[in-house]
1. Say a site is exposed when it is one of the trypsin sites (Lys or Arg not before Pro), sits in a DSSP loop, and has at most 14 other Cβ atoms within 10 Å; what is then the longest site-free stretch of the chain?
2. Within the P(r) computed for the stretch 47-155, what percentage of the Cα pairs occupies the region above 15 Å?
3. Once the Cα atoms of helix 129-140 and of the chain are each reduced to a long axis, what angle between those two axes, in degrees from 0 to 90 to the nearest 10, is obtained?
4. With axes computed from alpha carbons, what is the tilt in degrees of helix 53-62 against the longest principal axis of the chain, rounded to the nearest 10 within 0 to 90?
5. Mean residue ellipticity at 222 nm from the helices of the chain, using -39,500 (n - 2.57) per DSSP H segment of n ≥ 4 over the full residue count, to the nearest 500 deg cm²/dmol?
6. Output the 0 to 90 degree angle, nearest 10, between the alpha-carbon long axis of helix 187-197 and the longest principal axis computed from the alpha carbons of the chain.
7. Can you tell me the dipole magnitude for the stretch 114-247 around its Cα centre, using point charges on the Cβ only (Lys, Arg +1; Asp, Glu -1), in Debye to the nearest 20?
8. Sequence gap of 8 or more, or different chains, plus Cα separation below 19 Å: how many lysine pairs satisfy both in the chain?
Amino acid sequence: MDRLRQKNGFICDMDGVIYHGNRILPGVREFVDWLQKENKHFLFLTNSNHSTPRELQQKLARMGLDVDESHFYTSALATASFLKLQAPGCSAYAVGDHGLQNALFAAGITINDVDPDYVVIGESQSFSYDNIVNAVRLVNKGAKLIGTNSDLTGPTENGIVPGCRALISPIEMATGKKAYFVGKPNPLMMRTGLRLLGVHSEDAVMIGDRMDTDIVAGIESGLDTVLVLSGVTSREDIANYPYSPRLVLNGVGDIPAFAEAE
């Protein structure tokens, strides 16, 4: 824990780490207070594409947390940045909520449901069979298939729900084409996070609740790794993976609690 607390940069997942739905998790207020008091560089790096950074900032404000908008980076922003670099001025058929739509618009990517360069799939509460049919048709016509993230599931206040990878799976099966996933554990997103923090990987830590995205992303990017058990992963699940986090905590509240215990 001493090694963790001495790190200068903290990259944290949000769903299952900071909150479930609209419910803040125990110890999060104390953790954010500790980050700010210790002048740590921190970034909330989420695979969710539902919301914009400003909306995430306002969501935490409603939970009683005062965090500047600059501390948020989403898979929607990472996806838009990737497409802009790959094909400036491209078009996309995009399935996702306004966080994704706004990110694409800001990157100069036009929406096109006739002959797009890309089909972009993110989580959406209005995801439908028609979306699958349209995506299959456009991928078969030559559009490249992109997923905002590779999460199979996600935690909510009411339990586990399908994630982006589960939604994109029928499109892959119907077309025979494999999607390219931009969010964690893609190193592109992790490098962007470190660049936004302004710290080297050796001086940073990845805190998350998922072994298959957060922890492997931290390991492959050279960060210290902390798994919290407040999300979708149990302590027993860890044995199912060929890699391990360096630390396992009940939640992020364990970090300031340890400081007080000293």
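1. Values: sites that count: Lys141, Lys178.
Answer - 1-140.
2. On the way: 3721 of 5886 pairs.
Summing the P(r) tail past 15 Å for the stretch 47-155 gives 63 percent.
3. Orientation of helix 129-140: about 70 degrees from the principal axis.
4. Tilt relative to the chain: about 50 degrees.
5. Numbers: 10 runs with 93 residues, N = 262.
The helix-only estimate for the chain comes to -10000 deg cm²/dmol at 222 nm.
6. The helix 187-197 is inclined about 50 degrees to the chain.
7. Working: 12 positive and 16 negative charges, 90 e Å.
In debye, rounded to 20, the stretch 114-247 gives about 440.
8. Details: Lys7/Lys37; Lys7/Lys40; Lys84/Lys144; Lys84/Lys184; Lys141/Lys177; Lys141/Lys178; Lys144/Lys177; Lys144/Lys178.
Count of close lysine pairs: 8.
Here, each number is a calculation from the coordinates, and none is a lab measurement. None of the values given here were measured: they were computed from a predicted structure. Virtual Cβ from ideal backbone geometry, glycine too; neighbours counted across all protein chains shown.
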